Amino acid sequence: EATIEVSGLRKRYGPTVALDGMTFTVAPGKVTGFVGPNGAGKSTTMRVILGLDSVDEGHALVGGRPYRSLRHPLRQVGSLLDASALQPSRTGRNHLLWLAHSQGLGARRVDEVAERVGLTSAIRRKAGGYSLGMRQRLGIAAALLGDPPVLVLDEPVNGMDPEGIRWVRGFLRALAAEGRAVLVSSHLMSELQDTADHVVIAGRGKVIADVGVAELIEAA
Ligand code: ADP
Ligand code: ADP
C-alpha cells in the first residue's frame, strides 16, 4: 500500500531542535498538505522520509519500509526538494534524460512526463533561461519519471505565478485521483487549502493540528 507513516521523529542540530516528535500519515488517493512557518521542520521531515537525513529517534516508512530498504526507491517515491539545482547550459530535456537513464528509462518516458507538465517545447531550451516556475514544473516532471505511487513535494509552488499555482493545484488533484499518496508542503495555508484533502500543520518540529479540509472550512 502506498502510504507514508511518519512516527515520533526527533532530531537536533546541536542546540537546535529540528524535529520534536513529528508524527502523521499520508494516505493514498489524497493530497496531504504539510503547512507551517519556516523552521517548523517540514523540509527535514521530507528529507527523513527520503532517506537523506538521519534522526535521533522515530521512523518514517513508505509502504511499511524505510526508504533505504525499498526495492525500487525511485519508482516507489517521486520527490521535489530544491528545484533550483539545474545546470544552466543543459536543456531541460537533457536533465530529464540523465535522470531517466539512471532509472533505466528512456527518451519516450521523458517526453511523456514533459508533456504532462506542459513543457513539451520548453524542455528543448537551455535551463539557464527558465523561470523558477518552469524549474518547478521540470522538478515535478522529474519526480514523475518512475511513475511512483508516492510523491513528496517540498514547496512546489514557490516562485510560481498565479496561473502556475492554479496549474499545480489541478495537477496534484489529478495525481491523487490516480490513487497516489501526495505530500506537499507550503509555508502558506492559502496555497494548500483548495488543493489538499487533509492538512498537517507543523510548528517547532511537531504536529500542532491534523485535520481534514472539510472540517477546517466548517470551523472557519
Ligand atoms: P522548514 O522546512 O519547515 O522551514 P526545516 O526542516 O528546514 O524547516 O528546519 C527545521 C529547523 O532545523 C530550523 O530551525 C532549521 O534552521 C534547522 N535546520 C535544518 N537543517 C539544518 C542543518 N543542516 N543544520 C542546522 N540546522 C538545520
Ligand atoms: P527550507 O525552509 O525549505 O528548509 P532552508 O533555506 O531553510 O529551506 O534550507 C535549505 C538547506 O539548508 C537545507 O538543506 C537545510 O537542511 C539547510 N539548513 C537550514 N537551516 C540551516 C542551518 N541553520 N544551518 C545549516 N544548514 C541549514
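Which one of these does Leu80 not meet: (1) closer than 17 Å to Ala176 by Cα; (2) more than 12 Å from ligand 2 (Cβ to nearest atom); (3) in contact with a helix residue (DSSP H, G or I) (Cβ under 7 Å, 6 or more places away or on another chain)?
Condition not satisfied by Leu80: (2).
Tell me, which residue of the stretch 181-191 that is farther than 10 Å from Ala40 by Cβ and surrounded by fewer than 22 Cβ atoms within 10 Å (Cβ to Cβ) is nearest to ligand 2 (Cβ to nearest atom)?
Leu188
In this structure, is Ser79 part of a strand (DSSP E or B) and under 12 Å from Val150 (Cβ atoms)?
yes
Which members of the stretch 1-36 meet the condition of being at pLDDT 95 or above, among the charged types (D, E, K, R) and either under 30 Å from Ala174 (Cα atoms) or surrounded by fewer than 19 Cβ atoms within 10 Å (Cβ to Cβ) (or both)?
Across the stretch 1-36, the qualifying residues are Glu5, Arg10, Arg12, Asp20, Lys30.
Quick one: Gln136 ticks every box in (1) more than 25 Å from Gly64 (Cα to Cα); (2) more than 13 Å from the chain's Cα centre (by Cα); (3) assigned to a helix (DSSP H, G or I) except a single one, so which number is it?
(2)
Results for (1) modelled with pLDDT of 95 or more; (2) part of a loop (DSSP other than H, G, I, E, B); (3) closer than 19 Å to Ser186 by Cα, shown as yes or no for each residue.
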{"position": "Ser84", "(1), (2), (3)": "no, yes, yes"}
{"position": "Ala100", "(1), (2), (3)": "yes, no, no"}
{"position": "Arg109", "(1), (2), (3)": "yes, no, no"}
{"position": "Glu115", "(1), (2), (3)": "yes, no, no"}
{"position": "Ile140", "(1), (2), (3)": "yes, no, yes"}
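Scan Thr25, Thr16 and give me the residue that is within 11 Å of ligand 2 (Cβ to nearest atom) and either in contact with a Leu (Cβ under 7 Å, 6 or more places away or on another chain) or over 20 Å from Glu191 (Cα atoms) (or both).
Working: Thr25 fails: within 11 Å of ligand 2 (Cβ to nearest atom).
Only one candidate passes the filter, namely Thr16.
The values are calculated or read from the model by the stated rules, or taken from the named source; none is laboratory data. Treat the numbers as computed from the prediction; the structure is a model and nothing was measured. Reconstructed Cβ throughout: ideal geometry from the backbone, glycine too, with neighbour counts over all protein chains shown.
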